[in-house]
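Before any comments, here is the structure.
The values are calculated or read from the model by the stated rules, or taken from the named source; none is laboratory data. All values derive from a computational prediction rather than experimental measurement. Using ideal geometry, Cβ is built from the backbone for each residue, glycine included, and neighbour counts are taken over all protein chains shown.
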Amino acid sequence: MSDKEPCLFTAKTFHGLEKILASELKKIGAGNIKILKRAVSFEGDTEIMYRANYEVRTALNILQKITEFTANSSDELYEKVNSLNWNDYIDINETFSIDKTIHSNIHKHSQFAALKTKDAIADFFTKKYDKRPSVNIKNPDKKINLHINGNKCTLSIDTSGDALFKRGYRIGTGPAPLNEVLAAGIVMLTDYKNIDYFYDPMCGSGTILIEAARIFMNIPPAYSRKYFAFQKFKNYNYQLWNKIKREAEKKIKKEITVKIIGTDIDEEIAKIAKKNISEARLRKHITVLNRDFLNTKFENKKGLIVTNPPYNERLKSLNINKLYKETGDTLKKGYKNWSSYIFSGNPDAVKNIGLKPSQKFQLFNGKIECRLLKYDLY
């Protein structure tokens, strides 16, 4: 594939972030964008693929399509995978793994379908060279993605490597850390433009604060990442990759007017947030204080609260309903003319906030169904 030759890609994301992801892909010049379930498909050349990995905040990984076919049995799956020229994608001295997503009555045993795919690739090399690449599940050079829906099979190669939420700045976490891609998506769903203050009153290990600061400053999400899978592709273009990074880095704002503040009642957690903020080189732009949010006041400023309070799933609070009630009381009394977005997976606790949300977004935090709720404070 030449650098200018268009390819088909799929960017995976979390449920509820598909529209944001589609708009991000449009911004970097991707074409033929289609919103799917927890994913967005698009067309682009090598430059678009590099940009998608480096500049798109709400993608979990970027898959490049190899081929698509129908297979009505495991033997047919094997034959069709084996017939491809795997030299184009994997070097004989490299390691590989198979990632699978299977919804099929024909290929009911997903592990067996993945095994058939792995054998077909290995046998291609054995037949041709009497030698085969090794399988490495934990840290492969190449990840091949097998997607089966009914009898329709799609094979792709992962261009990202490690999932793109691994931004490279997180050195510590609290008991219920928020995924970085999800945190960025939450911020992008809010009215974060034209504000004076951005405040996370229960900031935990600081993920929402860091992702917000990077959005305000135009810092690429993968700015701190050291490696992407595409750097081992046969057509890897070092000059093009460096050009893309230089162009993105020129757009970074050194100074911003919005004041970014986080607080947490737990002193140790606040320390972890400060360490992550330092690792992200954002100490100058984010202030974290060890204090309780309840009964605080910050009126008549153009401010935005975005927070992910405990919801008694992985993080057990003493009295969750009381915490949400007091949070609602604090918002009503102390934050007039602000907007507040609360991200929670506890619908019963949320009722205790005592405010009517003006907007609701359905999202998932892992397997926990959540809502991002907007409250206008008057």
note = Here the qualifying pairs (Cβ atoms under 7 Å; residues six or more apart or on different chains; first in the stretch 80-93 and closer than 9 Å to Ile121 by Cα; second surrounded by fewer than 17 Cβ atoms within 10 Å (Cβ to Cβ) and among the β-branched types (Val, Ile, Thr)) come out as Leu84/Thr67
request  = With respect to Ala212, determine if the residue is among the hydrophobic types (A, V, I, L, M, F, W, C) and over 30 Å from Ser339 (Cα atoms).
outcome  = no
query = Counting just the residues of the stretch 357-378 that are part of a loop (DSSP other than H, G, I, E, B) and of a type outside the set (Ser, Thr, Tyr), which one comes out farthest from Ile20 (Cα to Cα)?
reply = Leu377
inquiry  = Conditions first: (1) out of contact with any strand residue (DSSP E or B) (no Cβ under 9 Å at 6 or more places or on another chain); (2) farther than 23 Å from Gly206 by Cβ; (3) among the hydroxyl-bearing types (Ser, Thr, Tyr). Thr330 passes all but one, so which condition is the exception?
reply    = (2)
ask   = Give me the pairs: first residue in the stretch 97-112 and without any contact (Cβ under 8 Å) to a residue 40 or more places away in the chain, second residue assigned to a strand (DSSP E or B) and of a type in the set (D, E, K, R), beta-carbon distance under 7 Å, and six or more apart or on different chains, which are they?
value = Ser110/Lys100
query = Does Lys356 qualify as being in contact with a strand residue (DSSP E or B) (Cβ under 9 Å, 6 or more places away or on another chain) and surrounded by 14 or more Cβ atoms within 10 Å (Cβ to Cβ)?
reply = no
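Conditions (1) free of Cβ contacts under 8 Å to residues at least 40 places away in the same chain; (2) touching a helix residue (DSSP H, G or I) at 6+ places or on another chain (Cβ under 8 Å), marked per residue:
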residue	(1), (2)
Lys4	no, yes
Ala11	no, yes
Gly16	no, yes
Ala22	yes, no
Ala30	yes, yes
Ile33	yes, yes
Leu36	yes, yes
Ala39	yes, yes
Asp45	no, no
remark   = With criteria (1) in contact with a helix residue (DSSP H, G or I) (Cβ under 6 Å, 6 or more places away or on another chain); (2) more than 25 Å from His15 (Cα to Cα), Pro201 comes up short on (1)
key: Where a residue in the stretch 176-203 is under 19 Å from Phe298 (Cα atoms) and its partner, wherever it lies, is in a loop (DSSP other than H, G, I, E, B) and aliphatic (A, V, I, L, M), with Cβ under 6 Å and at least six apart   = Ile195/Val258; Phe198/Val258
task = Could you tell me which residue of the stretch 29-40 is nearest to Ser224 (Cα to Cα), considering only residues that are surrounded by fewer than 18 Cβ atoms within 10 Å (Cβ to Cβ) and not polar (S, T, N, Q)?
result = Gly29
key: Lone unmet requirement of (1) closer than 25 Å to Lys65 by Cβ; (2) in contact with a helix residue (DSSP H, G or I) (Cβ under 9 Å, 6 or more places away or on another chain); (3) of a type outside the set (Asp, Glu) for His147   = (2)
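Rundown of residues vs (1) crowded, with 18+ Cβ neighbours inside 10 Å; (2) among the β-branched types (Val, Ile, Thr); (3) in contact with a helix residue (DSSP H, G or I) (Cβ under 8 Å, 6 or more places away or on another chain), yes/no style:
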site	(1), (2), (3)
Phe42	yes, no, yes
Asn53	yes, no, yes
Leu77	yes, no, yes
Tyr89	yes, no, no
Glu94	no, no, yes
Ser110	no, no, no
Thr117	yes, yes, yes
Tyr129	no, no, no
message = Given (1) among the aliphatic types (A, V, I, L, M); (2) assigned by TED's automatic domain parsing to the domain that holds Ile265; (3) surrounded by 20 or more Cβ atoms within 10 Å (Cβ to Cβ), identify the lone condition not met by Met188.
response = (3)
key: Set Lys34, Lys26, Lys19: member being over 26 Å from Met217 (Cα atoms) and not aliphatic (A, V, I, L, M)   = Lys34
remark   = Looking across the stretch 238-262 at residues that are touching a residue at least 60 places away in the same chain (Cβ under 8 Å) and hydrophobic (A, V, I, L, M, F, W, C), the single one that is surrounded by the fewest Cβ atoms within 10 Å (Cβ to Cβ) is Leu240
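Conditions (1) touching a His at 6+ places or on another chain (Cβ under 8 Å); (2) modelled with pLDDT of 95 or more, marked per residue:
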residue	(1), (2)
Leu240	no, yes
Lys243	no, yes
Lys251	no, yes
Ile256	yes, yes
Lys259	no, yes
Asp266	no, no
Lys284	no, yes
Leu294	no, no
